[in-house]
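Novice: Below is one structure. I have some questions about it.
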Amino acid sequence: MYNDICEKLNKYGQQQLLSFYNILDDKEKKQLIDDINSIDFDLVTRVYREISSEKAAPQGVTPMKAGDSTAFSQEEYNRYTEIGQKEIVNGRVAALTMCGGQGTRLGHTGPKGTYDIGLRSHKSLFEIQCDGLKAAGEGNIPWYIMTSNINHDDTVRFFEEHNFFEYPKDNIFFFKQEMMAVLNKDGKVLLEDKGKILKSPNGNGGLFLSLKKAGGLEDMRRRGVQHIFICGIDNCLVKMADPLFVGYYMEAKAPVAAKSFMKRSAEEKAAIFCYADGRPYVIEYTEIPAELANMKYSDGSFVYGDTNVLNYIFNIDIIDELCMYPMPYHGAVKKVTYMDTNSGEYVTITDGLKFELFLFDYFVRLEDLSLLRIDREKEFAPVKNLTGVDSSETAREMYIKVHEEER
């Protein structure tokens, strides 16, 4: 077994992973060997090479039209909402929250969903979303929660300690997303400690494969679910299983719907919805040519201005098909702490490489996508930073303003 592992690591130039093998006890040795065997080194090598090469620009870019919810007539608003509510009441809508990360950037120890944004009611992000589901479906909407190896146990414990926020326990399904090895800039896989490889969640694009592997997709079908409302944990103003959104998606008859809002400036760092060679596409702000980024209609609105809010509805029937397609990994340069194989000390670097799959990369497999534009001030208050823009302070202020207006 050990010789086989040595041969494998030599093949891929990753011998450093066994630097401390001889000082580990038998249990630790087995754990490290299992960890190494769990890594697809062909994939890691290929992804590292692809990330290091220049990405091809999308071709045939054209704008995507969106239905503007802020301009709906009362009749349109009521019609879409009634259609959506009917789907929810009949048990055909599930909600899925992606929350595999920690609250480290917020100065918070623990899963990000357990973070309290400072409301008088002391609500965590999880409880805020739970309240939204209660309002949309009175606790009857099955809720699927994607965690990861780094926060799964703490997340489940948090729900248990808070009595699942009075949400029916049988309607909550926890599952883990897959993990991906973390590398340094030279392509070397890093160690978390002497007997464990450093890994991070593989991004929201691994959602469907993880859901299927955990039996979540089968559970949805057993319940009669046909539509999956998907969001992240960051946005404290997300409208969970929004009946208006569900109704708009149903009437559009596209297999997938997404929410957007208009970017504030040509330079805003936000991914934009468009078509590429006739297929739905999300173009990163780093990819869009300046000419397109600045292009406007006669009324002054941006031609390429609908940003990706990370709020989708997918028809369950297309998920098995989408799972068959390979997904491209995206590299992110991150600050990471790892065990240095030379000194045996913990070292922090700012150029560690984490790799993620993005859910929007599935869009190019679709015939079309239905886009619903929302009011940014009423539905988007992300909690990403400790201070400044998109912090708990700005999110709290927006949350209070919206809910005071609703009262």
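The values are calculated or read from the model by the stated rules, or taken from the named source; none is laboratory data. Everything quoted here is computed from the prediction, not taken from an experiment. When we count neighbours, we look across all protein chains shown, and the Cβ atoms used for this are built from the backbone with ideal geometry, even at glycine. Please note that ligands, DNA and RNA were not included when accessible areas were found on the heavy atoms of the full protein model with its side chains. Shrake-Rupley method; radii C 1.70, N 1.55, O 1.52, S 1.80 Å.
Novice: When only alpha-carbon atoms count, how far does the chain stretch along each of its three principal axes, as whole angstroms with the largest first?
Specialist: If we take the Cα atoms of the chain, the spans are 72, 52, 42 Å.
Novice: Which ³J(HN,Hα) values in Hz, rounded to whole numbers, follow from the phi angles of the stretch 246-252 under the Karplus curve 6.51 cos²θ - 1.76 cosθ + 1.60, where θ = phi - 60° and Gly and Pro get x?
Specialist: 3J(HN,Hα) across the stretch 246-252, in whole Hz: 4, x, 4, 5, 4, 6, 6.
Novice: With the other protein chains left in place, how much accessible area per residue, in square angstrom, belongs to the stretch 313-407 at a 1.4 angstrom probe?
Specialist: Numbers: 5050 Å² over 95 residues.
That works out to 53 Å² for each residue.
Novice: Let me ask another. For the stretch 275-317, what does the convex hull of the Cα positions come to per residue, in cubic angstrom?
Specialist: On the way: hull volume 5.4 nm³, N = 43.
Expressed per residue, the convex hull around the Cα atoms of the stretch 275-317 is 125 Å³.
Novice: Roughly what would the spin-label model give for ASP320 and LYS335, points 7 Å off Cα along C-beta, in nm?
Specialist: Here the answer is 4.6 nm between the modelled labels.
Novice: May I ask you to rank THR387, THR337, THR394 by accessible area, largest first, using a 1.4 Å probe over the protein chains only?
Specialist: Ranked from most to least accessible, the order is THR387, THR337, THR394.
Novice: Give me the Kirkwood hydrodynamic radius of the stretch 22-61, using the inverse of the mean 1/r over all pairs of distinct Cα atoms, in Å to one decimal. Don't skip to the end; give the middle numbers.
Specialist: On the way: mean 1/r = 0.0755 Å⁻¹.
Across the stretch 22-61, the inverse of the average 1/r is 13.2 Å.
Novice: Using only the alpha carbon atoms of the stretch 248-407, find the Kirkwood hydrodynamic radius as the inverse mean reciprocal pair distance, in angstroms to one decimal.
Specialist: One over the average 1/r among Cα pairs gives 18.6 Å for the stretch 248-407.
Novice: A follow-up question, please. What nm distance separates the two modelled labels at GLN15 and THR387, each placed 7 Å from Cα along Cα→Cβ?
Specialist: Simple spin-label model gives 4.8 nm for this pair.
Novice: Continuing with the same structure: Calculated FRET efficiency, THR70 and HIS162, Cβ-Cβ r, R0 30 Å, to nearest 0.05?
Specialist: Details: r = 35 Å, r/R0 = 1.17.
So the FRET efficiency works out to roughly 0.30.
Novice: How big is the antiparallel share of DSSP beta bridges in the chain, given as a percent to the nearest 5?
Specialist: 65
Novice: Shape verdict for the stretch 191-281, please, from the Cα gyration tensor: rounded (a/c under 1.5), prolate (a/b greater than b/c) or oblate. If you can, show how the numbers build up before the last one.
Specialist: Values: a/c = 1.97, a/b = 1.21, b/c = 1.64.
Oblate, because a/c is 1.5 or more while a/b does not exceed b/c.
Novice: Here's something else I'd like to know. With a Förster radius of 41 Å, plug the Cβ-Cβ distance of SER343 and ALA266 into 1/(1 + (r/R0)^6) and report the FRET value to the nearest 0.05.
Specialist: 0.30
Novice: A further question follows. Which percent, to the nearest 5, of DSSP beta bridges fully inside the stretch 320-407 are antiparallel?
Specialist: Counting DSSP beta bridges with both partners in the stretch 320-407, the antiparallel share is about 90 percent.
Novice: Further question: Note down the magnitude of the dipole of the chain about its Cα centre, charges +1 on Lys and Arg C-beta and -1 on Asp and Glu C-beta and zero elsewhere, to the nearest 20 debye.
Specialist: Computed about the Cα centre, the dipole is about 220 debye.
Novice: Extending each Cα 7 Å along its Cβ direction at ASP193 and GLU138, get the distance between those two points in nm, one decimal.
Specialist: Result: 5.0 nm between the two label points.
Novice: While we're here: Once phi is turned into θ = phi - 60°, what whole-Hz ³J(HN,Hα) does the Karplus curve with 6.51, -1.76 and 1.60 give for every residue of the stretch 302-311, x standing for Gly and Pro?
Specialist: Taking θ as phi minus 60°, the curve returns 6, 5, 10, x, 7, 8, 7, 8, 6, 9 Hz for the stretch 302-311.
Novice: Which pairs in the list LYS169/LYS239; LYS259/LYS296; LYS65/LYS188; LYS8/LYS112 are over 32 Å apart, alpha-carbon to alpha-carbon?
Specialist: As for pairs spanning more than 32 Å Cα to Cα, those are LYS65/LYS188; LYS8/LYS112.
Novice: Also: Would you mind checking the pairs LYS86/LYS253; LYS263/LYS335; LYS176/LYS384 and listing those with alpha carbons more than 19 angstrom apart?
Specialist: Too far apart for the 19 Å limit: LYS263/LYS335; LYS176/LYS384.
Novice: For the stretch 346-404, with all protein chains present and a 1.4 Å probe, just round the carbon and sulfur fraction of the accessible area to a whole percent.
Specialist: Numbers: 1390 of 2820 Å².
The value for the stretch 346-404 is 49 percent carbon and sulfur by accessible area.
Novice: Moving to a separate point now. Can you give the FRET efficiency for HIS108 and MET1, using 1/(1 + (r/R0)^6), R0 = 45 Å, r = Cβ-Cβ distance, to the nearest 0.05?
Specialist: Rounded to the nearest 0.05, the efficiency is 0.65.
Novice: Defining a contact as two alpha carbons under 8 Å apart and six or more residues distant in sequence, what relative contact order in percent does the stretch 293-365 show?
Specialist: Numbers: 66 pairs, mean separation 17.7, N = 73.
Relative CO of the stretch 293-365 lands at 24 percent.
Novice: Leaving ligands and nucleic acids out of the surface, order HIS162, HIS122 by accessible area at 1.4 Å, largest first.
Specialist: From most exposed to least exposed: HIS122, HIS162.
Novice: Hey, any idea what % of the stretch 65-128's accessible area is carbon plus sulfur with a 1.4 Å probe?
Specialist: With neighbouring chains kept in place, the figure for the stretch 65-128 is 47 percent.
Novice: Okay, moving on. Taking the Cα atoms of the stretch 36-108, report the difference between the largest and smallest coordinate on each principal axis, in whole Å and largest first.
Specialist: On the principal axes, the stretch 36-108 reaches 56, 38, 31 Å in Cα extent.
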